[in-house]
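One structure is given below, encoded as structure tokens.
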Amino acid sequence: MFNVTAECVALYISLIIGIAVSMNVIKWDYEKKMFVTCSFCIGVSSFSNILSAFFINNYGIVPVWVNYVATMLYFTFLLFTLAAFFAYFIYVIGRDDTVWKKRYANAIAIPLYVLLAVIYTTPFTKLLFSFDESGYVRGPMNKMTYIFMAYIAVLLAVAAFRNGRKTTFRVKLLVLFFPILSGAVMIVQFFESDILLTGTSALGPLLLMFLFISSNLVDIDSDTGFYGSKSFAESAEKRFRKGIPFCAILVSIDNKQELKDNFGSIKLRRIVTLAAAGIENVIPKTDCFRYSSAKFAFIVDSTDDEYVQGVIDKIDEALSKEYIYNNNAVDFKVSISTVNCPDQADNTDRLAELLEYGIQAAGKSKKTNIFRCDENAVRYIGRKKKITEILKRELSSDDNNFEIFYQPIYAVSEGRFRTAEALVRLNRTEIGPIYPDEFIPIAEEMGMIVRLGDIVLEKSCKFISELIKDGIDFDAISVNFSVHQIMRGDIVEKVTKMVQKYNIPPEKLRIEITESVIIDNFQYVKKMMTRLGDIGIKFYMDDFGTGYSNLSNMIELPFEYLKIDKSLVHSAEKSEKAYFILTFISQAFIKQNIKILTEGVETENQEKIVDTIGASYIQGFRFARPVNGDTAKEYFLGIRNDAI
């Protein structure tokens, strides 16, 4: 009489796990499909084993041929369960390395076919089992499943370790625990043959796989086997609470986009795993984290400079090597940032800010790809935090301290100032003046640039209204629009509302758009410009000469003014070739009735250059610096004229 209690438990648990995963998968991939297959294979195998045992236990009642069929089906499902587990583990080891996986699949194909042949010839050969007057009789090859399982275990171990740097330590452990757990149960089965444990032997590895595939619940990255970013924050926070000194290291794969272009986004996942395995092999005792898609973080429980530098050098050396993926060379370009805690950061927010700052600094450096946090970085992050607080306070207040300065623009044909560009300033704060090149990038990064743009737009429209009321003759005031302002859906309504609120002619307001805004949003920008153009708003193409400088954008979009960046003007001063190109571009647009405005004119020689290329407007310190509203009025009135 066979005891099937353990098999009933295995059937129940395997089906629950399989159903639970199936119901919660949002996006299926090969790994999840194979996991569910393994789960249901255990269920079917356990069920067929229970059924076969029931028939054998009732041998005198159940016909012999039914016993043969049921028992052969059990052995068949058992083999398929082992094959499914093998396929899952080979995929986890090799991921999308198709050639490599086929090689190992072929290694079990012949034994599998031989064993299937043994199963289905058993009624004639009696090799596997048979039935006589006493009931079920084990044949000479009855233990073949043990041999097949051992064979699979050896193959998986060879695969995991031959794959070397491509396989993380966590994956190797997962693969090795399969034969250990299953083998332990099958040893019991070997000596206690009346207790059926086939499904139980596979249940242990299934539970491990369940934890592995559900790693998002325990914050483990299934690609690399590293902990996730949430665990990084928790590990750092735990050390902060206990006062344990440590060094945090952040590694960024800077050429991620290049690798994606060369191999595709799907294969990029496997390539990133190569990097992770390479690092883990040289620093096995360090806590490793998948910080983001192309960033890894590490926590070293020491702040000793020599020791930390040794870890950094190992990581850098590991990623400086050439890796091979599908017979293609893979080279990683990385930036490395380090922060000592708690000396340089005493909380997780400050730690994250300093690590990211270091990555940016290392990426910009021409001397080294490693940035170790210093006092300057700590001061910078501290100042950035303070500026962020000031921006939040000022942007939430109607009575804010933002001032709009206006840089008068000289009209060559009229010999006077006719327009001005609105430029935001933040001069009155508790830390003194904060200049635009410092607070504008912070506003963009922190998602505050749209509110800031609204303030500039409204104050500029209010100034236009004042000019009109004072009877001052001028053409227009131009306002810069960021990509975030332009891409929000209500930009046309926002501009229209401001024009109506201050009762100003739409043609008195001009909008400056940089070409970088247009590149990825051409159709949307074109539609927006057309709608605003219909009510009288005119547009500048700003910073022409930087970035892509696509001439077709100027032709297809309703720009009336082209602002040539100061870099082109300065280059034309030094190079005859640059001067020729500048002249050619300017004349081409002039013939299309597009007016040329040159920026950054600072010297007499630069003034002569822009005169010769046919510029209609000139902007720069040689003519006028940014000034407050009252002084700007004097320029329009002709009271001030620095150009003379």
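The table that follows gives values for the structure above.
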{"item": "Options L11, L78; residue that is modelled with pLDDT of 80 or more and buried (at least 18 other Cβ atoms within 10 Å of the Cβ)", "result": "L78"}
{"item": "Filter result for the condition that a residue is assigned to a strand (DSSP E or B), hydrophobic (A, V, I, L, M, F, W, C) and touching a residue at least 24 places away in the same chain (Cβ under 8 Å), over I381, I390, I336", "result": "I336"}
{"item": "Hits in segment 368-378 (condition: in contact (Cβ under 8 Å) with a residue 40 or more places away in the chain and either of a type in the set (A, V, I, L, M, F, W, C) or in a helix (DSSP H, G or I) (or both))", "result": "I370"}
{"item": "Residues of segment 507-544 satisfying the condition of being assigned to a helix (DSSP H, G or I) and under 12 Å from I477 (Cβ atoms)", "result": "E507, K508"}
{"item": "Filtered residues of segment 424-435 (kept if surrounded by fewer than 18 Cβ atoms within 10 Å (Cβ to Cβ) and touching a helix residue (DSSP H, G or I) at 6+ places or on another chain (Cβ under 8 Å))", "result": "R425, T429, E430, I431"}
{"item": "Conditions (1) of a type in the set (F, W, Y); (2) open to solvent by less than 60 Å² (accessible area, probe 1.4 Å); (3) more than 29 Å from V311 (Cβ to Cβ); number of the one not met by F371", "result": "(3)"}
{"item": "In segment 589-605, residue farthest from F621 (Cα to Cα) [restricted to those that are open to solvent by less than 40 Å² (accessible area, probe 1.4 Å), in a loop (DSSP other than H, G, I, E, B) and not aliphatic (A, V, I, L, M)]", "result": "E599"}
{"item": "All positions within segment 621-636 that are among the small types (G, A, S), part of a loop (DSSP other than H, G, I, E, B) and out of contact with any helix residue (DSSP H, G or I) (no Cβ under 7 Å at 6 or more places or on another chain)", "result": "none"}
{"item": "Single residue of segment 557-588 satisfying the filter (assigned to a helix (DSSP H, G or I), among the small types (G, A, S) and out of contact with any Ser or Thr (no Cβ under 6 Å at 6 or more places or on another chain)) that is surrounded by the most Cβ atoms within 10 Å (Cβ to Cβ)", "result": "A572"}
{"item": "Given (1) touching a residue at least 40 places away in the same chain (Cβ under 8 Å); (2) of a type outside the set (V, I, T); (3) crowded, with 21+ Cβ neighbours inside 10 Å, number of the condition F405 does not satisfy", "result": "(3)"}
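Every residue, every condition in (1) touching a residue at least 60 places away in the same chain (Cβ under 8 Å); (2) buried (at least 18 other Cβ atoms within 10 Å of the Cβ), yes or no:
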residue	(1), (2)
E438	no, no
A443	no, yes
I449	no, yes
L452	yes, yes
G489	no, no
E507	no, no
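Residues checked against (1) loosely packed, with under 15 Cβ neighbours inside 10 Å; (2) touching a strand residue (DSSP E or B) at 6+ places or on another chain (Cβ under 9 Å):
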| position | (1), (2) |
| --- | --- |
| L467 | no, yes |
| E493 | yes, no |
| S516 | yes, yes |
| F522 | no, no |
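The values are calculated or read from the model by the stated rules, or taken from the named source; none is laboratory data. Quick caveat: nothing in here was measured; it's all calculated off a predicted structure. Positions of Cβ are backbone-derived with ideal geometry, glycine not excepted, and every protein chain shown enters the neighbour counts. Protein only, heavy atoms only, side chains kept; ligands, DNA and RNA dropped before computing areas. Shrake-Rupley method; radii C 1.70, N 1.55, O 1.52, S 1.80 Å.
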